[in-house]
Amino acid sequence: MKKGILLFLAALILSLAFTACPGGRRGDTIVIGAKDFTEQFILGYILQALIEEHTDLNTRVVSNLPTWILFQSLSQPGGEVDIYIEYTGTIVGNIFGDTTPRSPDETFRVAREGLRDRYNIRMLDRIGFNNTYTLSVRPDTAQQFNLWTISDLARVSNQLILGGTMEFVNREDGLLGLRRAYGGLEFRSEVTINGVLRYTALMNDEIQVTDAFSTDGMLLRFNLVVLEDDLEFFPAYHAAVLMLEETAQRFPQLVEVSNMLTGVLDDQSMRRLNYLVDGEQQSPQAVARNFLREAGLIR
């Protein structure tokens, strides 16, 4: 019954996402997928601007898709998504269900080979930045409870409320696995809050701990303390472009254009782009295009 409900919800979300975009999928329109947070919005528009600048292909960005729906819509033949940017740690830990500790290079190798062998998906080279998970607190909370590492947090977590994204709370490479790695990590309560709202809740003391990504611009805006992952639980999350091998063969220009991103964005650059959207309220599309112009990749 549970599986049937999940399949129904997946079909419903996909239907709403794709029918909300006028015109549907026709001809050589490349559908670019993106997840449900700022960085993914920016990356989706970066791909769109590059593809439209350097090819004759039409594009459409479909965003706000959870990882498992987005991956299914790419990996299945005839799926609705042609290309999107995923993270190595998510592929290995969440999609493959493999939480074996590995170096960043080994994580990339396992992700790339697994996608090729299991799903016939081509994974391009790493873009450059490592968007790994972190746990963050306000400076006053860090001082009050002497919090500098996740081990410190485990000792007092029963006094604090965690506000995390739905994905983080329910993933093996998120809170589920983190609990096992750091024995005793049990919060007074846990709530799911997506996007910028969890930072509002944190600053209002409605929650005291939240998950964040290492490239999150809101870390800069609120001067948050990032707790050290002293047991090195979180794997590397290097970003890379995915597409079916069939898509890569049919549209070799997609591979060529996507490879222009290799090594272009480091952690600091990605954090700045995220901050421009979340902190200065610029549109993800404008931030993406301005970055590409600065990098000399579009006119």
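Since every read-out is calculated from the coordinates, none of them should be taken as a lab result. Treat the numbers as computed from the prediction; the structure is a model and nothing was measured. As a convention, Cβ positions derive from the backbone with ideal geometry for all residues, glycine included, and neighbour counts pool all protein chains shown.
Converting phi to 3J(HN,Hα) with the Karplus coefficients 6.51, -1.76 and 1.60 and the offset θ = phi - 60°, the stretch 190-201 yields 10, 10, 9, 9, 9, x, 5, 4, 6, 6, 4, 5 Hz in sequence order, with x at every glycine or proline. Using just its DSSP H runs of length 4 or more, each adding -39500 (n - 2.57), the chain gives a mean residue ellipticity at 222 nm of -12000 deg cm²/dmol after division by all residues.
May I ask for the longest run of the chain untouched by GluC sites (Glu not before Pro) that are loop-located per DSSP and have at most 10 neighbouring C-beta atoms (other than their own) within 10 Å? My reading of the result: 1-231 is the longest stretch.
Identify the trypsin sites (Lys or Arg not before Pro) of the stretch 168-208 meeting these criteria: DSSP loop state and at most 15 other C-beta atoms within 10 Å of the C-beta. Working shown, then result.
Values: sites: ARG171, ARG179, ARG180, ARG188, ARG198; in loops: ARG171, ARG188.
Sites meeting the loop and neighbour criteria: ARG188.
Round to the nearest 10 and give me the degree value, 0 to 90, for the angle of helix 38-54's Cα axis relative to the longest principal axis of the chain. Roughly 20 degrees, rounded to the nearest 10. Among GLN208, GLN76, GLN144, which one shows the highest mean-square fluctuation when the chain is modelled as a Gaussian network with alpha-carbon springs under 10 Å? Looking only at GLN208, GLN76, GLN144, the largest GNM fluctuation is found for GLN144. Using a cut-off of under 12 Å, list every residue of the stretch 151-169 whose amide N is near the label point 7 Å from the Cα of LEU231 along the Cα-to-beta-carbon line. It comes to 151-155, nothing else.
The stretch 133-227: Rg/Rh from Cα coordinates, Kirkwood Rh?
Working: Rg = 11.8 Å, Rh = 13.0 Å.
Computed over Cα atoms, the ratio is 0.91.
Applying the Karplus relation 6.51 cos²θ - 1.76 cosθ + 1.60 with θ = phi - 60° to the stretch 148-164 yields 3J(HN,Hα) values of 9, 10, 5, 5, 4, 4, 4, 6, 10, 4, 5, 9, 10, 9, 9, x, x Hz, where x marks Gly and Pro.
Using equal-weight Cα scatterers in the Debye expression, the normalised intensity of the stretch 160-299 in log10 at q = 0.20 Å⁻¹ is -1.26.
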